[in-house]
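The values are calculated or read from the model by the stated rules, or taken from the named source; none is laboratory data. Note that the structure is a prediction, hence the values are computed from the model and not measured. Cβ coordinates were reconstructed from backbone atoms using ideal geometry, including for glycine residues, and neighbour counts include every protein chain displayed.
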Ligand SMILES: Nc1ncnc2c1ncn2[C@@H]1O[C@H](COP(=O)(O)OP(=O)(O)OP(=O)(O)O)[C@@H](O)[C@H]1O
Ligand code: SF4
Ligand SMILES: [Mg+2]
C-alpha cells in the first residue's frame, strides 16, 4: 500500500452514538400548561441528532445530505466542538475530544476549522481583513514573529485568489464571492487538517459557485485536507465526494461510496432524494414524490423515523427503529426491508 492510500485508510474522526438535543421549552412559566384539569410542566426537546455513528478517513471528502432541518449543521457543529453533545463519543485521531474544556480543546481548534454558508455573517464587519487573519494566527501560534505572520497571511491570500491590497479593507467592501474567499483564508491560515464546510457555496451567485468549489478542492489537494462537506446540491456532492451520508430527522439512513450511492441507492429515502436530480445524458430515474411532510424532531415517531412517508413501510417499521447495519460491500444502511 503506498503512503497516500495508507493515509486514506486511517480514520481522522470517529463518531459513536452521537446525540444532540436542544431544549426549547423556554422558562418555567412557558412550560406550565393545564392538562386534564391539572397544572403540568411540559418540556419541548428537539432531537436534532439521534445516535449518529460514522468515521471520516484522512484525506477524504465526506459529504452529508438531506432535507432542511435533518440535522446536518448540528452534526458539523457538534463534531467540531461548537455544540456539546448529549451522548456519544468523538475521537480525533487517537484523542477523545467530546467533553473537553476550552483549554483542553485548544490544540484541536487549530486542526479543525469551519467554513460557514454566509460569509457576511461569519466575518466581523468592524475588523479589517489583516486583523481577521492575524488574530487566529497570534492566538494559535504565540511564538510567531511579525515576519512569519506576514508570510503566512500572504501565502494564504494568494492561495484563495485574493490580493494583499485586500488586507487593509473592511468586509463590506467585498462581493459575496470575495468574502467567502476571505473566510476560507481565515480557516486555512492556522494550518488545519480537517474542515467542516457547511454549505460553503449555497449563498453565492451561481456564476461564482464553481470558482469557490475549485478553490476548496485545490486547497484540499495542496494541503492534504479532510472535509466534512454539508450540501443541498446533489450534483455537486456527486462530483466532489469520496463517501456520502444521507440523513433524515437526525439519523443516518444510508452511508456509501459516492459511486455506489448514486448508481444504486438502496434506502427508500435515498431513492426519493436522488430521483429528483436532473441527469444530463443519463437515463433519469423516475421521480419519486414523497407523501406527507417531514415530521417535527420535537415529536419523533416511534419505529423508523421515515415510516410516515415510506411506500414500503410495514408494521415492523412502525414499531422498531432500524439500526444502521454494514453490508458486504461496506455500505451502511438503516432499513428493515432492504
Ligand atoms: N440552537 C438551536 N436551538 C434549538 N433548535 C435548534 C438549534 N439548532 C438547530 N436546531 C433544530 O435542530 C434541527 C436540525 O437543525 P439543523 O440546522 O442542524 O438542520 P440542517 O439539516 O442543517 O438544515 P438546513 O438544511 O436548513 O441548514 C432543526 O429542527 C432545528 O430547528
Ligand atoms: S425501515 Fe421501513 S419505513 Fe423505514 S425506510 Fe425501511 S421500509 Fe421504509
Ligand atoms: Mg444547515
Pick out the one residue from 53, 63 that is closer than 22 Å to residue 187 by Cα and at pLDDT 95 or above. 63
Residues to consider are 65, 46; find the one that is within 16 Å of ligand 1 (Cβ to nearest atom), closer than 28 Å to residue 209 by Cβ and buried (at least 17 other Cβ atoms within 10 Å of the Cβ). 65
So the helices (runs of 4 or more DSSP H) completely within the stretch 150-268 holding 3 or more residues that are out of contact with any helix residue (DSSP H, G or I) (no Cβ under 8 Å at 6 or more places or on another chain) and away from ligand 1 (no atom under 16 Å from the Cβ) are 206-223, 258-263
Within the bounds of the stretch 65-88, is there any residue that is part of a strand (DSSP E or B), away from ligand 3 (no atom under 16 Å from the Cβ) and over 16 Å from the mean Cα position of the chain (by Cα)? yes
Checked the stretch 93-138 for anything closer than 25 Å to residue 177 by Cα, under 21 Å from the mean Cα position of the chain (by Cα) and without any contact (Cβ under 8 Å) to a residue 24 or more places away in the chain; matches are 121
Among the residues that make up the stretch 64-80, is at least one of them within 16 Å of ligand 2 (Cβ to nearest atom), out of contact with any strand residue (DSSP E or B) (no Cβ under 7 Å at 6 or more places or on another chain) and under 19 Å from residue 244 (Cα atoms)? yes
Pick from the stretch 297-324, criterion farther than 13 Å from residue 267 by Cβ and in contact with a strand residue (DSSP E or B) (Cβ under 8 Å, 6 or more places away or on another chain), ranking: farthest from ligand 1 (Cβ to nearest atom): 300
For the stretch 68-83, which residues satisfy the criterion of being near ligand 1 (Cβ under 8 Å from one of its atoms) and at positive phi? 69, 71
